[in-house]
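Here's the structure, in structure tokens; my notes come after.
The values are calculated or read from the model by the stated rules, or taken from the named source; none is laboratory data. Remember, predicted model here, so these are calculated numbers, not experimental data. Please note: Cβ atoms are built from the backbone with ideal geometry, for glycine as well, and neighbour counts cover all protein chains shown. When the accessible area is computed, the model is the full protein with side chains, heavy atoms only, and any ligands, DNA or RNA have been set aside. Shrake-Rupley method; radii C 1.70, N 1.55, O 1.52, S 1.80 Å.
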Amino acid sequence: MKFEYSLGLEQNLGDPMFSLFRKKTLIPAFVIAGLLGGCAQHVDISYKPANLSKGTGELYVKTFEYLPAAKGDVDPDEAQQEKSGLAYTYLSENVDALFTNAVKKELSSSGYLISDSGSNGISGEIRRFSFDWVGMDGMRFDIAVSFAVTKNGKVVYSNLFESIHEARKEGYKLEDPSEPIELAMADCIGRFIRDAQKKGAL
């Protein structure tokens with residue numbers, strides 16, 4: 001993608017450089033983003049379950065807390081941006097709801113019955129949900145989530161899972177930015193389910 005950007009210099013017919021600057025200059029979007037201190041991208045997520053684990057039983061999934069938003073560092077629907085400063089990323093829904101619903105979809109797909117309450121519960125904290133430029137070649141999504149399983153009010157399992165996936169550019173067009181987000185989320189949740197099952201918590 002390119003933006004057409006006019007330098008807007010006043011005409012000076014006596015200046016031989018004017019003929020160069022009077023023409024509109026095409027500047028890549030990422031350059032303008034850097035010059036203007038960042039721009040925003042909005043990403044729609046249509047999460048589909050991907051893990052192949054199977055299980056049975058009834059589970060209650062409590063809303064995962066998005067810690068960066070709780071601390072006021074970002075908006076509830078905004079991904080963190082820790083390095084490049086080139087583009088702010090906003091999601092189609094709040095990050096806590098997005099991730100919690102993804103957990104429910106994965107568990108339901110595995111065979112678990114998801115209820116609104118119960119003695120067996122899953123909760124957690126989204127500690128990192130970061131989307132950053134990688135140089136000028138692409139973007140990287142980085143997630144870190146702590147999971148906990150409780151039975152009759154007692155924590156019987158807890159663990160932290162992290163995942164990183166990248167999206168690359170083709171020319172000036174970035175590949176679908178939703179893909180690395182969905183892949184990293186699926187990887188994180190899938191590893192949690194497998195680990196919790198292996199340790200007898202699910």
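Taken residue by residue, segment 58-75 has at least one member that is open to solvent by 40 Å² or more (accessible area, probe 1.4 Å), at pLDDT 95 or above and in contact with a Leu (Cβ under 7 Å, 6 or more places away or on another chain). Among the residues of segment 49-78, those that are in a loop (DSSP other than H, G, I, E, B), touching a helix residue (DSSP H, G or I) at 6+ places or on another chain (Cβ under 6 Å) and hydrophobic (A, V, I, L, M, F, W, C) comprise A50, F64, V74. Tally time: how many residues in segment 162-184 are over 13 Å from A102 (Cβ atoms), touching a His at 6+ places or on another chain (Cβ under 7 Å) and at pLDDT 95 or above? Going through segment 162-184 one residue at a time, the tally reaches 0. Tell me, which residue of segment 15-57 that is modelled with pLDDT under 90 and at positive phi is least open to solvent (accessible area, probe 1.4 Å)? Among them, the one singled out is G38. Taking each residue of segment 148-164 that is closer than 11 Å to R128 by Cβ and in contact (Cβ under 8 Å) with a residue 40 or more places away in the chain and looking for partners that are charged (D, E, K, R) and open to solvent by 20 Å² or more (accessible area, probe 1.4 Å) with beta-carbon atoms closer than 6 Å, six or more apart or interchain, yields nothing.
If I ask for residues that are of a type in the set (G, A, S) and either within 17 Å of T100 (Cα to Cα) or buried (at least 20 other Cβ atoms within 10 Å of the Cβ) (or both), which ones from segment 185-202 would you list? A186, G190, A196, A201 - these are the residues of segment 185-202 that are of a type in the set (G, A, S) and either within 17 Å of T100 (Cα to Cα) or buried (at least 20 other Cβ atoms within 10 Å of the Cβ) (or both).
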